Amino acid sequence: MKITIIIPTYNEAENLPPLLGALFNLPLQDLNVLVIDDNSSDGTGQIADDLKKKYPGRLEVLHREGKLGLGSAYIAGFKHLLKGKSAVIGQMDADFSHSPDKVPALIAGLQQSDIALGSRYIPGGALDRNWPLWRKWLSTFGNFYARTILRLPIRDTTSGFRVWHREVLEAIPLDRVRSNGYVFQVEMAYLAHRLGYSFKEIPIYFQERQWGESKMSFRIQLEAAFRVWALPGMYRDIRRK
């Protein structure tokens with residue numbers, strides 16, 4: 001069973017080499033990685049190309065012309081991998097906020113579901129213990145907000161640490177997905193739920209990045225607040241299987 005994890009990057013030169021090392025040391029025989037770099041100014045794209053020599057046949061790199069956003073990076077990755085033979089397609093951040101050690105648990109979760117995701121909001125999961133209270137509240141409220149409006153059956157609607165059976169991504173109308181911030185994760189979960197696919201949440205500890213700068217901004221948060229309300233109207237024609 002071929003497994004490929006998509007990792008979007010923008011200025012992750014310090015994080016990418018140790019992250020790939022950790023992933024390729026996991027006890028998963030057919031684990032592969034697709035790096036999608038948005039023309040990083042710190043040389044991340046070149047580093048990724050150089051690492052292909054260290055991991056022959058297991059690492060692929062797609063280069064994009066500019067900083068085009070998280071959502072469009074994942075859509076490009078999904079479309080690219082659906083042309084190939086990956087049976088399981090995953091996604092994770094490049095900054096170690098998602099622990100590579102949890103990937104096997106996510107893969108195992110697909111034995112009971114169509115999508116498995118790392119969750120900060122179920123027993124055993126947690127946010128970075130060093131986050132200030134206001135930031136924890138904002139994250140918790142954002143998930144409650146999306147979950148309640150869209151009636152999603154998962155606690156962590158914005159988690160970007162996921163693995164999918166390829167059949168789910170084949171069924172989702174990827175060309176219609178337009179979200180580019182973390183609400184992209186909400187939109188994809190909503191579409192999968194509308195189509196009747198099942199979820200399995202795996203508890204994770206979400207750790208703040210140790211190197212590099214956060215990509216979160218007020219504009220991204222504002223997009224999420226308004227986009228959640230728009231989704232039901234946008235996808236009225238999407239029905240359960």
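The values are calculated or read from the model by the stated rules, or taken from the named source; none is laboratory data. Since the model is a prediction, treat every value here as computed from it, not as a measurement. Neighbour counts are summed over all protein chains in view; Cβ atoms, including those assigned to glycine, are modelled from backbone coordinates with ideal geometry. When the accessible area is computed, the model is the full protein with side chains, heavy atoms only, and any ligands, DNA or RNA have been set aside. Shrake-Rupley method; radii C 1.70, N 1.55, O 1.52, S 1.80 Å.
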Inset, instruction - Specify, per residue and in Å³, the volume enclosed by the convex hull of the alpha carbon atoms belonging to region 1-51. - result: 63
Legend entry - Packing-based order for 159-166, 132-139, using average beta carbon neighbours within 10 Å, highest first: 159-166, 132-139
Legend entry - Contour minus Cα-Cα distance for residue 148 and residue 68 (0.36 nm per residue): 25.8 nm
Legend entry - Sequence-distant residues sharing a close amide H with residue 5 (under 5 Å, placed H): 32, 33, 34, 90
Legend entry - Calculated FRET value between residue 136 and residue 29, using beta carbons and R₀ = 41 Å, to 0.05: 0.60
Inset, instruction - For the chain, just the Cα atoms, rotate onto the principal axes and tell me the three extents in Å, largest first. - result: 47, 41, 36
Legend entry - Radius of gyration, Dmax [region 92-142; alpha carbons; angstrom]: 12.8, 37
Inset, instruction - Note down the Stokes-Einstein diffusion coefficient of region 66-205 in µm²/s, whole number, using a Kirkwood radius over alpha carbon pairs, 20 °C, and 1.002 mPa s. - result: 139
Inset, instruction - Can you check what the Kirkwood hydrodynamic radius comes to for region 132-192, Cα pairs only, in Å to one decimal? - result: 12.5
Legend entry - Square roots of 5 times each gyration tensor eigenvalue, C-alpha, region 4-90, largest first, Å: 19, 17, 10
Legend entry - Mean residue ellipticity (222 nm) of the chain, computed from DSSP H runs ≥ 4 via -39,500 (n - 2.57), nearest 500: -12000 deg cm²/dmol
Inset, instruction - Answer rounded, prolate or oblate for region 93-176, using the Cα gyration tensor with square roots of eigenvalues a ≥ b ≥ c: rounded when a/c is under 1.5, else prolate when a/b is larger than b/c, else oblate. - result: oblate
Legend entry - Where the chain is the region considered: accessible area per residue in Å², 1.4 Å probe: 48
